[in-house]
Amino acid sequence: MKIAAIQSFLNEKALPAYYREYSVEKALVLAEMEAHKEATKCIGMIRKAAEGGSKLIVTIEAFNHCLFYELSHPHMVELGMIAKEYGCYIVAGLHTLEEGRRYNSAVLFGPEGRIIGIYHKVHLSAGEEKEVRAGDSYPVFRLPWGTLGILICWDMQFPEAARCLALQGVDIIACPTWGWEDIYGLCRAYENSVYVVGTMGVPTNESWWAEHMSRSCIVDPMGRKVAQAKTGGPEIVTAEIEVQKEPEPQYGSEKITGHTSMRYTRLLQRRPDTYEILTQEHPKVYSRYDGREE
């Protein structure tokens, strides 16, 4: 199956730059116009990827930037039309507005042109809670070619989130992001034996991007990159993957366990009876930082 990561610009410098030159009201109008322009460009890249035969297409995080879309927004409608026209699935990272509440979301469109589901980012990065509401669950989507899970940016810093998806049987984790780092993306793929599609938004300041960020990439269940962006600008990254192929055993484990899937071996040898601390609301380590260390 062919999949695609749509790497596009963040345009994160636009609003501060406008504030320096214009009134707040005019700065907001200009920033929203710029955001609409960039979102339109991203949708054009999505269409191009669909035309090229990609059956799963993943965008960056919040490609509509400072805008918040209701589900009836024209861009939402257009995304559904592309999915239907080309018979593909689209994971669109978008700021959304539902019943007056703002979310950082990933909206899944299916080949019938409808929204199949929406994931709301659970782990909000520092300060983000002032702008959006956090999600509280990790839905998975059973599709004809396999099971899809979604995490957004900062979510990937938490191994528990990816493991929650793995335990529900996902084959691919789609990760729209503004801050992709190879270290956690490759780890989440390897430790859960799943594919990860990390689609990185690139800043307009390329020197900063080159110093601090990684490129969009597609990672196989062994933690190896099978495709990666070549530049620090807009780019469509594609790869052919075998979703149903089980990850090969390692360390001769198949000779001991008789299992030919590394995914099954890893999950089978979990010890949940020893993981109680993972669900403690205030584990002991917190006292190191809240001034109550014994």
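Values computed for the structure shown
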item: Close pairs (6 angstrom Cβ cut-off, 6 or more residues apart or separate chains): at pLDDT below 85 in segment 256-271, surrounded by 15 or more Cβ atoms within 10 Å (Cβ to Cβ) anywhere; result: 257/265; 259/265
item: Residue within segment 59-67 that is open to solvent by 40 Å² or more (accessible area, probe 1.4 Å), touching a residue at least 12 places away in the same chain (Cβ under 8 Å) and more than 18 Å from residue 3 (Cβ to Cβ) present; result: yes
item: From 250, 228, 244, residue being open to solvent by 20 Å² or more (accessible area, probe 1.4 Å) and under 16 Å from the mean Cα position of the chain (by Cα); result: 228
item: Among the candidates 102, 142, residue that is closer than 18 Å to residue 169 by Cα and open to solvent by 30 Å² or more (accessible area, probe 1.4 Å); result: 142
item: Hits in segment 78-124 - residues which are hydrophobic (A, V, I, L, M, F, W, C) and either part of a strand (DSSP E or B) or touching a residue at least 40 places away in the same chain (Cβ under 8 Å) (or both); result: 90, 91, 92, 94, 97, 106, 107, 108, 109, 115, 116, 118
item: Criterion: touching a strand residue (DSSP E or B) at 6+ places or on another chain (Cβ under 9 Å) and open to solvent by less than 10 Å² (accessible area, probe 1.4 Å) - qualifying residue of 56, 97, 71; result: 56
item: Some residue of segment 214-222 being open to solvent by less than 40 Å² (accessible area, probe 1.4 Å), among the hydroxyl-bearing types (Ser, Thr, Tyr) and closer than 28 Å to residue 65 by Cβ; result: yes
item: Search result, residues across segment 76-88 that are within 14 Å of residue 51 (Cα to Cα) and open to solvent by 20 Å² or more (accessible area, probe 1.4 Å); result: 81, 84, 85, 86, 87
item: Unique residue being surrounded by fewer than 21 Cβ atoms within 10 Å (Cβ to Cβ), touching a Gly at 6+ places or on another chain (Cβ under 9 Å) and more than 15 Å from residue 151 (Cα to Cα) when the list is 128, 112; result: 112
item: Test: residue in segment 147-159 that is over 13 Å from the mean Cα position of the chain (by Cα) and modelled with pLDDT under 95; result: no
item: Flag if residue 155 is among the acidic types (Asp, Glu) and either surrounded by fewer than 18 Cβ atoms within 10 Å (Cβ to Cβ) or in contact with a strand residue (DSSP E or B) (Cβ under 7 Å, 6 or more places away or on another chain) (or both); result: no
item: Residues that are hydroxyl-bearing (Ser, Thr, Tyr) and either touching an Asp or Glu at 6+ places or on another chain (Cβ under 8 Å) or modelled with pLDDT of 95 or more (or both), drawn from segment 89-143; result: 89, 96, 103, 105, 119, 137, 138
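Condition check ((1) at pLDDT 95 or above; (2) under 19 Å from the mean Cα position of the chain (by Cα); (3) on the phi > 0 side of the Ramachandran plot) across all residues:
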site: 29; (1), (2), (3): no, no, no
site: 34; (1), (2), (3): no, no, no
site: 42; (1), (2), (3): yes, yes, no
site: 51; (1), (2), (3): yes, no, no
site: 54; (1), (2), (3): yes, yes, no
site: 61; (1), (2), (3): yes, yes, no
site: 78; (1), (2), (3): yes, no, no
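The values are calculated or read from the model by the stated rules, or taken from the named source; none is laboratory data. All of these numbers come straight from a predicted model, not from anything done at the bench. Note: ideal-geometry Cβ built from the backbone for every residue, glycine included; neighbour counts use all protein chains shown. Please note that ligands, DNA and RNA were not included when accessible areas were found on the heavy atoms of the full protein model with its side chains. Shrake-Rupley method; radii C 1.70, N 1.55, O 1.52, S 1.80 Å.
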